[in-house]
Amino acid sequence: MIRLVASDVDGTLLPSGQKAVSRQVIDAVARLIGQGVWFAAASGRPCWDLQRLFAPVSHEAIFAGL
């Protein structure tokens, strides 16, 4: 059983040149959380910026940043 999904943000969930995470990514993260799987976004960005990028699910996600 999967308990945690962790992903880099820049270049992975946020392709180069884009300024917002796609709706498809947010929906996928919401589905994971809904199934009881923790989601962690990791980046060299400040945590407040990660929370902004993942705003619709930020209250239920984990952020590892500067």
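Within segment 21-36, one or more residues are more than 17 Å from Leu53 (Cα to Cα) and either of a type in the set (S, T, N, Q) or touching a residue at least 40 places away in the same chain (Cβ under 8 Å) (or both). Return the total of residues in segment 26-44 being farther than 14 Å from Leu66 by Cβ and either assigned to a helix (DSSP H, G or I) or open to solvent by 50 Å² or more (accessible area, probe 1.4 Å) (or both). Residues in segment 26-44 being farther than 14 Å from Leu66 by Cβ and either assigned to a helix (DSSP H, G or I) or open to solvent by 50 Å² or more (accessible area, probe 1.4 Å) (or both): 11 in total.
In the set (1) open to solvent by less than 30 Å² (accessible area, probe 1.4 Å); (2) touching a Phe, Trp or Tyr at 6+ places or on another chain (Cβ under 9 Å), the condition left unmet by Cys47 is number (1).
If you scan segment 1-17, which residues turn out to be in a strand (DSSP E or B) and within 15 Å of Phe39 (Cβ to Cβ)? Walk me through how you get there before you give the answer.
Applying the first criterion (in a strand (DSSP E or B)) to segment 1-17 yields 4-8, 10, 14.
Those that are in a strand (DSSP E or B) and within 15 Å of Phe39 (Cβ to Cβ): Leu4, Val5, Ala6, Ser7, Asp8, Leu14.
Does Arg52 satisfy being among the charged types (D, E, K, R), in a loop (DSSP other than H, G, I, E, B) and surrounded by 12 or more Cβ atoms within 10 Å (Cβ to Cβ)? The answer is no for Arg52.
Among the residues of segment 7-25, the one identified as surrounded by 11 or more Cβ atoms within 10 Å (Cβ to Cβ), out of contact with any strand residue (DSSP E or B) (no Cβ under 7 Å at 6 or more places or on another chain) and of a type in the set (D, E, K, R) is Asp10.
In segment 39-66, the residues that are acidic (Asp, Glu) reach residues that are surrounded by 13 or more Cβ atoms within 10 Å (Cβ to Cβ) and in a helix (DSSP H, G or I) with C-beta atoms within less than 8 angstrom, at least six apart or across chains, in these pairs: Glu60/Ile33.
The values are calculated or read from the model by the stated rules, or taken from the named source; none is laboratory data. Values in this document were obtained by computation on a predicted structure and should not be read as measured data. Cβ sites come from the backbone with ideal geometry, for glycine too, and all protein chains shown count toward neighbours. All accessible areas refer to the heavy atoms of the entire protein, side chains included, with ligands and DNA or RNA removed. Shrake-Rupley method; radii C 1.70, N 1.55, O 1.52, S 1.80 Å.
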